Amino acid sequence: MPAIEPRDAVDNPGDETDQGTILRVYDQHAAAEYERLGRSLLHRVEFVLTAELLDEFVVPGAEVLDAGSGPGRYAEYLLGRGCRVGLTDLSADSLQLFEERIEPRLADRVLFCRQGTATDLGWLPSGSFDAVLLMGPLYHLVGHDERRTALQEARRVLRPGGVLVAAYISPYRPLMQAVEEGDQREVEHLRAGGTTVHLGMQQHRSWPREARAELDAAGFEILRTRSLQGLAALMDRDTIAAQDPETFFAMLRATCEVPDLLGATLHFVCVARRPPA
Ligand SMILES: C[S@@+](CC[C@H](N)C(=O)[O-])C[C@H]1O[C@@H](n2cnc3c(N)ncnc32)[C@H](O)[C@@H]1O
(Lines give C-alpha, C1' and ligand atoms only; values in the text may rest on other atoms or scores of the structure.)
Protein backbone atom coordinates (compact mmCIF):
# COMPACT_ATOMS: atom_id res chain seq x y z
CA MET A 1 0.00 0.00 0.00
CA PRO A 2 1.40 3.45 -0.84
CA ALA A 3 2.15 5.85 2.02
CA ILE A 4 -0.13 8.85 2.32
CA GLU A 5 0.75 11.27 -0.42
CA PRO A 6 1.06 14.97 0.41
CA ARG A 7 -1.97 17.11 -0.15
CA ASP A 8 -2.43 20.06 -2.39
CA ALA A 9 -2.95 23.26 -0.41
CA VAL A 10 -6.29 22.98 1.35
CA ASP A 11 -5.58 25.14 4.39
CA ASN A 12 -6.49 28.18 2.40
CA PRO A 13 -9.17 27.04 0.00
CA GLY A 14 -10.33 30.58 -0.82
CA ASP A 15 -13.90 29.38 -0.93
CA GLU A 16 -17.00 29.54 1.26
CA THR A 17 -16.22 26.46 3.33
CA ASP A 18 -13.50 26.71 5.94
CA GLN A 19 -11.83 23.46 4.91
CA GLY A 20 -8.83 24.17 7.15
CA THR A 21 -11.08 23.95 10.23
CA ILE A 22 -12.64 20.69 9.00
CA LEU A 23 -9.16 19.25 8.48
CA ARG A 24 -8.05 20.21 11.99
CA VAL A 25 -11.22 18.98 13.73
CA TYR A 26 -11.12 15.58 12.00
CA ASP A 27 -7.37 15.30 12.65
CA GLN A 28 -8.19 15.77 16.34
CA HIS A 29 -11.13 13.35 16.30
CA ALA A 30 -9.76 10.67 13.97
CA ALA A 31 -9.87 7.89 16.58
CA ALA A 32 -13.36 8.87 17.78
CA GLU A 33 -14.57 8.96 14.18
CA TYR A 34 -13.24 5.44 13.63
CA GLU A 35 -15.19 4.23 16.70
CA ARG A 36 -18.33 6.23 15.84
CA LEU A 37 -20.13 3.63 13.75
CA GLY A 38 -19.97 1.06 16.56
CA ARG A 39 -20.73 3.44 19.43
CA SER A 40 -24.43 2.62 19.96
CA LEU A 41 -27.24 0.71 18.35
CA LEU A 42 -28.22 3.90 16.49
CA HIS A 43 -24.72 4.18 15.02
CA ARG A 44 -24.64 0.49 14.14
CA VAL A 45 -27.90 0.93 12.25
CA GLU A 46 -26.21 3.62 10.13
CA PHE A 47 -23.37 1.25 9.25
CA VAL A 48 -25.60 -1.76 8.56
CA LEU A 49 -28.08 0.13 6.36
CA THR A 50 -25.22 1.71 4.37
CA ALA A 51 -23.27 -1.54 4.00
CA GLU A 52 -26.37 -3.23 2.60
CA LEU A 53 -26.62 -0.60 -0.13
CA LEU A 54 -22.92 -1.04 -0.91
CA ASP A 55 -23.51 -4.80 -1.22
CA GLU A 56 -26.30 -4.12 -3.66
CA PHE A 57 -24.59 -1.54 -5.87
CA VAL A 58 -20.83 -2.17 -5.66
CA VAL A 59 -19.75 -5.53 -7.03
CA PRO A 60 -16.70 -7.41 -5.71
CA GLY A 61 -13.67 -6.44 -7.78
CA ALA A 62 -14.99 -2.93 -8.46
CA GLU A 63 -12.60 0.04 -8.37
CA VAL A 64 -13.91 2.54 -5.84
CA LEU A 65 -12.99 6.08 -4.85
CA ASP A 66 -13.87 6.93 -1.23
CA ALA A 67 -13.71 10.75 -1.16
CA GLY A 68 -14.19 11.94 2.42
CA SER A 69 -13.26 8.48 3.67
CA GLY A 70 -12.34 9.59 7.18
CA PRO A 71 -10.49 6.70 8.85
CA GLY A 72 -11.97 4.37 6.24
CA ARG A 73 -14.62 2.17 7.84
CA TYR A 74 -16.49 1.81 4.55
CA ALA A 75 -13.27 1.51 2.54
CA GLU A 76 -12.26 -1.34 4.83
CA TYR A 77 -15.64 -2.99 4.34
CA LEU A 78 -15.34 -2.77 0.54
CA LEU A 79 -11.74 -4.02 0.56
CA GLY A 80 -12.99 -7.03 2.53
CA ARG A 81 -15.49 -7.67 -0.26
CA GLY A 82 -12.74 -7.81 -2.87
CA CYS A 83 -12.98 -4.22 -4.17
CA ARG A 84 -9.94 -2.05 -4.93
CA VAL A 85 -10.30 1.26 -3.10
CA GLY A 86 -8.58 4.65 -3.27
CA LEU A 87 -9.05 6.90 -0.25
CA THR A 88 -8.89 10.67 -0.06
CA ASP A 89 -9.79 13.02 2.78
CA LEU A 90 -8.92 16.46 4.13
CA SER A 91 -7.67 14.86 7.33
CA ALA A 92 -4.20 13.29 7.07
CA ASP A 93 -4.53 11.85 10.59
CA SER A 94 -7.69 9.97 9.61
CA LEU A 95 -5.89 8.47 6.62
CA GLN A 96 -2.93 7.56 8.77
CA LEU A 97 -5.22 5.78 11.22
CA PHE A 98 -6.63 3.81 8.31
CA GLU A 99 -3.12 2.82 7.21
CA GLU A 100 -2.19 1.74 10.72
CA ARG A 101 -5.29 -0.41 11.18
CA ILE A 102 -5.82 -1.98 7.79
CA GLU A 103 -5.10 -5.69 7.77
CA PRO A 104 -2.08 -6.67 5.63
CA ARG A 105 -4.25 -9.10 3.61
CA LEU A 106 -6.37 -6.10 2.45
CA ALA A 107 -3.59 -3.54 2.02
CA ASP A 108 -2.63 -4.74 -1.47
CA ARG A 109 -6.03 -3.67 -2.78
CA VAL A 110 -5.62 -0.06 -1.60
CA LEU A 111 -5.11 2.04 -4.74
CA PHE A 112 -3.95 5.19 -2.92
CA CYS A 113 -4.36 7.08 0.30
CA ARG A 114 -4.04 10.77 -0.42
CA GLN A 115 -4.86 13.91 1.48
CA GLY A 116 -6.98 16.30 -0.56
CA THR A 117 -10.38 17.83 -1.15
CA ALA A 118 -13.34 16.34 -2.97
CA THR A 119 -13.71 19.62 -4.87
CA ASP A 120 -10.45 19.02 -6.72
CA LEU A 121 -9.88 15.51 -8.02
CA GLY A 122 -7.83 16.82 -10.94
CA TRP A 123 -5.05 14.34 -10.05
CA LEU A 124 -7.37 11.45 -11.00
CA PRO A 125 -8.08 10.50 -14.62
CA SER A 126 -11.63 10.73 -15.98
CA GLY A 127 -13.73 7.58 -16.17
CA SER A 128 -11.52 5.55 -13.85
CA PHE A 129 -13.88 4.26 -11.11
CA ASP A 130 -16.89 1.95 -10.96
CA ALA A 131 -18.14 3.64 -7.81
CA VAL A 132 -17.51 6.84 -5.86
CA LEU A 133 -18.45 7.35 -2.20
CA LEU A 134 -19.05 10.97 -1.18
CA MET A 135 -19.97 10.35 2.43
CA GLY A 136 -18.93 13.51 4.21
CA PRO A 137 -18.11 16.31 1.74
CA LEU A 138 -21.69 17.08 0.73
CA TYR A 139 -22.71 18.02 4.26
CA HIS A 140 -19.45 19.81 5.04
CA LEU A 141 -19.31 21.93 1.88
CA VAL A 142 -21.63 24.81 2.68
CA GLY A 143 -21.44 26.57 -0.71
CA HIS A 144 -23.78 25.51 -3.48
CA ASP A 145 -21.03 25.94 -6.07
CA GLU A 146 -18.63 23.86 -3.98
CA ARG A 147 -21.10 20.99 -3.72
CA ARG A 148 -21.75 21.24 -7.45
CA THR A 149 -18.00 21.06 -8.12
CA ALA A 150 -17.64 17.99 -5.86
CA LEU A 151 -20.50 16.29 -7.72
CA GLN A 152 -19.07 17.23 -11.12
CA GLU A 153 -15.70 15.83 -10.10
CA ALA A 154 -17.32 12.62 -8.84
CA ARG A 155 -19.21 12.28 -12.11
CA ARG A 156 -16.08 12.93 -14.16
CA VAL A 157 -14.00 10.23 -12.47
CA LEU A 158 -16.82 7.65 -12.70
CA ARG A 159 -17.05 5.33 -15.66
CA PRO A 160 -20.30 5.68 -17.63
CA GLY A 161 -22.86 3.61 -15.70
CA GLY A 162 -20.77 3.98 -12.51
CA VAL A 163 -22.47 4.55 -9.18
CA LEU A 164 -22.27 7.42 -6.68
CA VAL A 165 -23.16 6.88 -3.02
CA ALA A 166 -23.79 10.32 -1.55
CA ALA A 167 -24.44 10.94 2.17
CA TYR A 168 -26.41 13.93 3.42
CA ILE A 169 -27.55 15.24 6.81
CA SER A 170 -31.16 16.28 7.20
CA PRO A 171 -32.31 19.54 8.88
CA TYR A 172 -34.91 17.46 10.71
CA ARG A 173 -33.17 17.04 14.09
CA PRO A 174 -32.06 20.70 14.63
CA LEU A 175 -35.45 21.84 13.40
CA MET A 176 -37.18 19.67 15.97
CA GLN A 177 -34.81 20.94 18.65
CA ALA A 178 -35.48 24.57 17.70
CA VAL A 179 -39.22 23.96 17.97
CA GLU A 180 -38.77 22.22 21.35
CA GLU A 181 -36.76 25.21 22.58
CA GLY A 182 -39.20 27.76 21.18
CA ASP A 183 -36.39 29.29 19.10
CA GLN A 184 -38.38 30.91 16.32
CA ARG A 185 -35.33 32.57 14.72
CA GLU A 186 -33.57 29.22 14.40
CA VAL A 187 -36.70 27.70 12.87
CA GLU A 188 -36.70 30.47 10.25
CA HIS A 189 -32.94 30.08 9.69
CA LEU A 190 -33.27 26.34 9.06
CA ARG A 191 -36.39 26.75 6.95
CA ALA A 192 -34.36 29.13 4.75
CA GLY A 193 -31.64 26.49 4.25
CA GLY A 194 -29.27 27.90 6.90
CA THR A 195 -26.26 25.96 8.14
CA THR A 196 -25.73 24.41 11.57
CA VAL A 197 -22.51 24.18 13.59
CA HIS A 198 -21.00 20.93 14.90
CA LEU A 199 -17.65 20.84 16.76
CA GLY A 200 -16.94 24.32 15.42
CA MET A 201 -17.56 23.25 11.80
CA GLN A 202 -20.41 24.60 9.72
CA GLN A 203 -22.64 21.95 8.22
CA HIS A 204 -24.95 22.12 5.28
CA ARG A 205 -28.30 20.40 5.79
CA SER A 206 -30.37 19.03 2.92
CA TRP A 207 -33.85 17.60 2.68
CA PRO A 208 -34.01 14.53 0.42
CA ARG A 209 -35.86 16.55 -2.23
CA GLU A 210 -33.01 19.11 -2.32
CA ALA A 211 -30.34 16.42 -2.42
CA ARG A 212 -32.03 14.70 -5.34
CA ALA A 213 -32.40 18.04 -7.17
CA GLU A 214 -28.67 18.77 -6.86
CA LEU A 215 -27.76 15.25 -8.02
CA ASP A 216 -30.12 15.59 -10.94
CA ALA A 217 -28.65 19.00 -11.85
CA ALA A 218 -25.15 17.45 -11.79
CA GLY A 219 -26.21 14.89 -14.39
CA PHE A 220 -26.88 11.84 -12.20
CA GLU A 221 -29.79 9.41 -12.40
CA ILE A 222 -31.10 8.78 -8.90
CA LEU A 223 -31.58 5.11 -8.14
CA ARG A 224 -32.39 5.02 -4.41
CA THR A 225 -32.74 7.19 -1.33
CA ARG A 226 -32.45 5.56 2.09
CA SER A 227 -32.68 7.00 5.58
CA LEU A 228 -29.80 5.70 7.68
CA GLN A 229 -31.53 5.81 11.04
CA GLY A 230 -35.11 5.43 9.92
CA LEU A 231 -37.67 5.77 12.67
CA ALA A 232 -34.92 5.36 15.28
CA ALA A 233 -34.17 9.06 14.69
CA LEU A 234 -37.48 9.80 16.43
CA MET A 235 -36.74 7.68 19.52
CA ASP A 236 -34.93 8.52 22.74
CA ARG A 237 -31.67 6.80 23.68
CA ASP A 238 -33.12 4.55 26.39
CA THR A 239 -35.82 3.21 24.08
CA ILE A 240 -33.19 2.44 21.46
CA ALA A 241 -30.81 0.80 23.95
CA ALA A 242 -33.62 -1.54 25.11
CA GLN A 243 -34.19 -2.98 21.62
CA ASP A 244 -33.11 -6.42 20.47
CA PRO A 245 -30.58 -5.53 17.70
CA GLU A 246 -31.67 -8.03 15.06
CA THR A 247 -35.40 -7.31 15.38
CA PHE A 248 -34.71 -3.58 15.55
CA PHE A 249 -32.55 -3.64 12.39
CA ALA A 250 -35.19 -5.65 10.55
CA MET A 251 -37.93 -3.15 11.41
CA LEU A 252 -35.77 -0.16 10.47
CA ARG A 253 -34.76 -1.87 7.24
CA ALA A 254 -38.44 -2.37 6.42
CA THR A 255 -39.20 1.34 6.89
CA CYS A 256 -36.01 3.19 5.86
CA GLU A 257 -37.14 3.85 2.30
CA VAL A 258 -40.74 4.89 2.97
CA PRO A 259 -40.77 8.05 0.81
CA ASP A 260 -42.76 10.24 3.19
CA LEU A 261 -40.41 9.48 6.10
CA LEU A 262 -37.08 10.00 4.32
CA GLY A 263 -36.29 13.45 5.72
CA ALA A 264 -37.23 12.55 9.31
CA THR A 265 -33.79 11.20 10.11
CA LEU A 266 -30.24 12.26 10.89
CA HIS A 267 -28.40 10.97 7.81
CA PHE A 268 -29.64 9.68 4.51
CA VAL A 269 -27.91 8.45 1.38
CA CYS A 270 -28.75 8.75 -2.26
CA VAL A 271 -27.45 6.18 -4.70
CA ALA A 272 -27.14 7.69 -8.17
CA ARG A 273 -25.65 6.66 -11.46
CA ARG A 274 -23.62 8.41 -14.12
CA PRO A 275 -25.79 7.60 -17.12
CA PRO A 276 -24.31 4.94 -19.42
CA ALA A 277 -22.68 6.45 -22.51
C1 LIG B 1 -18.20 12.28 9.54
S2 LIG B 1 -16.80 11.86 8.59
C3 LIG B 1 -17.43 10.53 7.61
C4 LIG B 1 -16.40 9.48 7.30
C5 LIG B 1 -16.93 8.30 6.47
N6 LIG B 1 -17.08 8.68 5.08
C7 LIG B 1 -18.25 7.81 7.01
O8 LIG B 1 -19.28 8.00 6.33
O9 LIG B 1 -18.28 7.23 8.09
C10 LIG B 1 -16.70 13.14 7.37
C11 LIG B 1 -15.37 13.13 6.62
O12 LIG B 1 -15.47 13.96 5.46
C13 LIG B 1 -14.24 14.62 5.30
N14 LIG B 1 -14.45 15.80 4.44
C15 LIG B 1 -15.26 16.85 4.66
N16 LIG B 1 -15.21 17.71 3.64
C17 LIG B 1 -14.34 17.18 2.74
C18 LIG B 1 -13.85 17.60 1.47
N19 LIG B 1 -14.25 18.75 0.92
N20 LIG B 1 -12.98 16.81 0.83
C21 LIG B 1 -12.54 15.65 1.39
N22 LIG B 1 -12.95 15.22 2.59
C23 LIG B 1 -13.84 15.97 3.26
C24 LIG B 1 -13.82 14.97 6.71
O25 LIG B 1 -12.44 15.27 6.80
C26 LIG B 1 -14.22 13.69 7.44
O27 LIG B 1 -13.17 12.76 7.47
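The values are calculated or read from the model by the stated rules, or taken from the named source; none is laboratory data. Owing to the predicted nature of the structure, the values given are computational and were not obtained by experimental measurement. With ideal geometry, Cβ positions are generated from the backbone for all residues, glycine too; neighbour counts draw on all protein chains shown. The protein model used for the area step is the full one, side chains on, heavy atoms only, and it has no ligands, DNA or RNA in it. Shrake-Rupley method; radii C 1.70, N 1.55, O 1.52, S 1.80 Å.
Could you look through region 164-188, keep only residues that are in contact (Cβ under 8 Å) with a residue 24 or more places away in the chain and open to solvent by 10 Å² or more (accessible area, probe 1.4 Å), and pick out the one that is farthest from residue 268 (Cα to Cα)?
Top of the filtered list is 174.
Answer with yes or no whether residue 63 is near the ligand (Cβ under 8 Å from one of its atoms), closer than 24 Å to residue 121 by Cβ and in contact with a Gly (Cβ under 9 Å, 6 or more places away or on another chain). Judged against the criteria, residue 63 is not a match. When region 133-163 is filtered for residues that are under 12 Å from residue 68 (Cβ atoms) and hydrophobic (A, V, I, L, M, F, W, C), the ones remaining, listed by number, are 133, 134, 135, 138, 141, 150, 154.
Is region 121-137 home to any residue that is touching a helix residue (DSSP H, G or I) at 6+ places or on another chain (Cβ under 9 Å) and part of a helix (DSSP H, G or I)? Yes, region 121-137 has at least one match. Number of residues in region 193-217 that are touching a Cys at 6+ places or on another chain (Cβ under 9 Å) and either within 21 Å of residue 18 (Cβ to Cβ) or among the charged types (D, E, K, R) (or both): the value is 1. Restricting 224, 205 to those that are outside any helix (DSSP H, G or I), surrounded by fewer than 17 Cβ atoms within 10 Å (Cβ to Cβ), touching a Phe, Trp or Tyr at 6+ places or on another chain (Cβ under 9 Å) and of a type outside the set (A, V, I, L, M) reduces the list to 224. Do we have any residue at all in region 178-194 that's of a type in the set (S, T, N, Q) and under 15 Å from residue 233 (Cβ atoms)? Within region 178-194 (the criterion being of a type in the set (S, T, N, Q) and under 15 Å from residue 233 (Cβ atoms)), the answer is no, since none of the residues qualifies. Residues that are open to solvent by less than 40 Å² (accessible area, probe 1.4 Å) and not hydroxyl-bearing (Ser, Thr, Tyr) were ranked within region 29-44; the one that is nearest to the ligand (Cβ to nearest atom) is 37. Applying the selection to region 57-72, what residues are more than 16 Å from residue 90 (Cα to Cα) and open to solvent by 10 Å² or more (accessible area, probe 1.4 Å)? Within region 57-72, 57, 59, 60, 61, 63 qualify.
In a residue-by-residue description of region 103-115, the property of being touching a strand residue (DSSP E or B) at 6+ places or on another chain (Cβ under 6 Å) and within 10 Å of the ligand (Cβ to nearest atom) applies to no position. Selection over region 227-246 of residues that are out of contact with any Cys (no Cβ under 9 Å at 6 or more places or on another chain) and assigned to a helix (DSSP H, G or I) gives a count of 10.
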